[in-house]
Structures are given as C-alpha cells and as structure tokens.
1. Which percent of the accessible heavy-atom area of the range 103-176 goes to carbon and sulfur, probe 1.4 angstrom?
2. Please work out how much length the chain gains when fully extended from K317 to T96, using 0.36 nm per residue of separation minus the C-alpha to C-alpha distance, in nm with one decimal.
3. Nearest 10 degrees, 0 to 90: what angle lies between the long axis of helix 2-27 and the longest principal axis of the chain (Cα atoms)?
4. Quick check: net charge around V345, other residues with Cβ under 14 Å of its Cβ, Lys/Arg +1 and Asp/Glu -1?
5. May I ask you to give the solvent-accessible area per residue for the range 291-369, in square angstrom, as obtained with a 1.4 angstrom probe?
6. Over what distance in Å are the Cα centres of the range 358-389 and the range 81-135 separated?
7. Within 10 Å, Cβ to Cβ, of F261, how many net charges do the neighbouring residues add up to if Lys/Arg are +1 and Asp/Glu are -1?
8. Magnitude of the Cβ-charge dipole of the chain, K/R +1 and D/E -1, about the Cα centre, nearest 20 debye?
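The values are calculated or read from the model by the stated rules, or taken from the named source; none is laboratory data. Nothing here was measured: the structure is a model prediction, and the numbers come from that model. Every residue, glycine as well, gets a Cβ built from its backbone with ideal geometry; the counts of neighbours run over all protein chains shown. These accessible areas exclude ligands, DNA and RNA; they are computed on the full protein's heavy atoms, side chains included. Shrake-Rupley method; radii C 1.70, N 1.55, O 1.52, S 1.80 Å.
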Amino acid sequence: MFNIKKTLFFIIAIFLISSGALFYFTYFEGEPPSIVLQPSIKYINPTTQFNLQVSDKKQGLKSVNIFIKQNKNKIPLLHKKFNKLNYSEIKFKLPTTNLRPGKFILFIEAQDSSLKNFGQGNIALIKKEFIYDPVPPQLSLLSRTHYLNQGGSGLIVFKANEPIKNAGIKLNNYFFPAYYNKEQNKYYCLFAWPYNLNKNHTPVLLAEDIAGNIAKVEFYYHLNPKKFPHDKINISDSFLNKKMPYFQHYFPEIKDKLQLFLKVNRILRQANREELKKIGLNTSTYALFTGKFKRLPNAARKASFGEIRDYFYQGKKIDRQTHLGLDLASIARAKVPASNTGKVVFADEMGIYGKVVILDHGLGLQTLYAHLSEIKVNVGQVIKKGSIIGRTGATGLAGGDHLHFAVLVSGIPVNPVEWLDLHWLKNNIYDRLP
C-alpha cells in the first residue's frame, strides 16, 4: 500500500513539474520578435517608403514603437499595440516638418507578449543610420542651342552639383541615358528625335541623385520637321520561294509563304528592333569616334532613311513598313569598312538583317552593318576606322547584294546622313565633346 502511494505521489510530482515547465517555457519564453526593414539603402528622400515586417511566432506581438533621433532631438513616428498578433506589416514615411537634411538614426522597438522580464516580455531593437536629402540635384546646362531634325540626333552637355545615380533625356516613351566624364566633371547625353515623333512632344532632361530626388529641366531646342520619301516594293513568288525557307524556323507553324513573309516583315522586324535597344545599352561611357564617319566606297544609294515602303503582292497592297537606314550598293561581296573607330558588340545573324556587325562608338552611339555575306570580326574587338569588318551580301530579307547601314542612338535608329556630314558633326557634336 505504501509503495502504491509513493508511486502515485511520484507520478503526480512528475506531472506537476512537467506542466510547470511547459507553462514556464510557453508563457515565459525568451525569444525576441523578428524585425525586417526595407529598403536597405543609405540615402533617402521625403518620398521614400519604408516597409516594416515584425513577427513573433510564439506568444505574439504586444507593441511596436518607431522613433528618430537627430542630433539631440527625438521625433516619434509610430506607436502601435497588438493583441498577441503573430505577424504585422507596416508601411511608413518620414516626417517632412521636424526632420532636417543630414544624418539621423531610426529606432524600431518590437515587444512580444511573453511574461518574461516581470511581464514586460522580450524586446527586439534595431537602429539604422540614414542620410536625409530632400532636395533635387541642381543641373547646369553647358550646351545652349540644340537644333534637331526629325529622325536626327543631338548632344546635350550639363553639370550637376552632386553625384547622380541616373540621368538622361526623356522624350515621349523614349529614354536616352547620359554618361559621366570624370575628368571633365560633365555629363554627355546623345539623344534622338525618332522619325515617327512630331513636334507635339517636349524633351526633358531628368537627373536622379543618390537619395532618389529627381530634377526635371526643359532646355532650348528647335525641331525641323521632315517629310520622308515613299517607295513601292513588289513581292514576287520567286522572292518568297528564295527567301522564306530561311525564316521558317522563326514561325514553324506557318506554311504559306506569303503569310510567313508578313509575319517576318511585321513581328520579326519589331523583335529585331527591340533587340537593338538592348544592345544599345552595351556602350562605352566616353566617345570612341573621331572625325567624319566613313561611307561604303564607290556605292550608290538605293534607299534612304525614313523611307515609307508599301508592299504589294499580285497588285494588292499587303503591308507598310519604314526603312531605317541607308541601302548602299557597290559590287557583289564588296569589302565593308568600319565607319569609325569602335568596339564590336554584335557579330552574328539577326532576323531580317541577316548577318550583322554592330560597332559601339561610345555614349550610346552605334553603327549597324547588315545583310553581310561574310563577317570578319569578333565580339570584343576594337576596330579602327576603315578596317574591313565584312563583305556585302543578300542575307536576311535583302532582295539583292547591298549594305544596309544604320546609325543608332541608344538603340533608336537615326539618320546616318548627319553622321556622314563633317559640318553637321562639328556644329552639333564635336564642338561639345571634350
């Protein structure tokens, strides 16, 4: 009987001890809440929005307190209480009245509902130093006059009173990046007025500082509208039979050669132009080009920039596209010289252009040589003006042997004639470059 009582007492004691331990480790747990703050940046401005995530998986959150210390001032931002909530996400911005430009420390305290520390719970604290900059950068324009042709190019030069994270010219839906020259302490921005934009648009110079403040500056310019020529192109069955097999792998589901041509002329053409925009970002931050750009020697111009082409098949108009380069024809398989010094950023096949070489000349300026029968350079090579980069051909969507020569500014085609004109180059480009 005594042993039974002793055993029963022992079991009860174990139960009470286990229950007490479970109660203690559950309600007196010592794990502090988790705090995650985004974004993790150093410089901020009045529009910066913080995203705070606080969580406590055990006893839940009791409160969150956010405040700022700058010099000797303490600025309260937010105090929020919870009823044992396991997770909360809080978005907040900084006050625009009491906070002064310069350094400050942001404090975030999170308290859970544990009974530890005499019922005060566990407290997590993070503090981060930031630099508050509420003022946009100040820009000084160094190039005063900008005379532009529709479909042409321009160069703007400016300085900023502080480091710039991102700058360039925005024109409608186009953006042309500016590039910083450390030795000159100047920014250079080559930009284009696309052929399909009329005068009812205004270019704006944008500059964003490290804190995210954006300056917007309009500048003086004069636009010369242009009327581009029209041409009529007849698509024959012999052309379709000769050319469409090359493009079949782009649209394998389309068997009819005329429908395949329309897909190539519309969809593939647009895809290739989008690819040129991406390649346009692969550029040197300083100018590699000098002097007049070199033209294909002894070549006749067969098509102009901006030429509006109407395509006909069996007397019926089937499509309209715009030609965005110069078509130059010489002898078959003529040697193609580099128009200016540059670095090869593309040397491969590209859809409607066939075999292509693209040279980067810096500041977003690139030249494209298309329909080549042979490529003689490799990506990464630095090519001097006049060096042979390939031979003319009829690859891609070309009807005969010729060179399609294009000039691109940040991937946007511009009129090559300007860049072949030394007088235009001097007045609009070289007088502004270092």
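1. Here it works out to 51 percent.
2. Contour length minus the Cα-Cα distance gives 73.4 nm.
3. 40 degrees
4. Every neighbour counted, the sum reads 0.
5. Ligands and nucleic acids excluded, the result is 36 Å² per residue.
6. 56 Å
7. Around F261, the charge tally is +2.
8. For the chain, the charge dipole is close to 260 debye.
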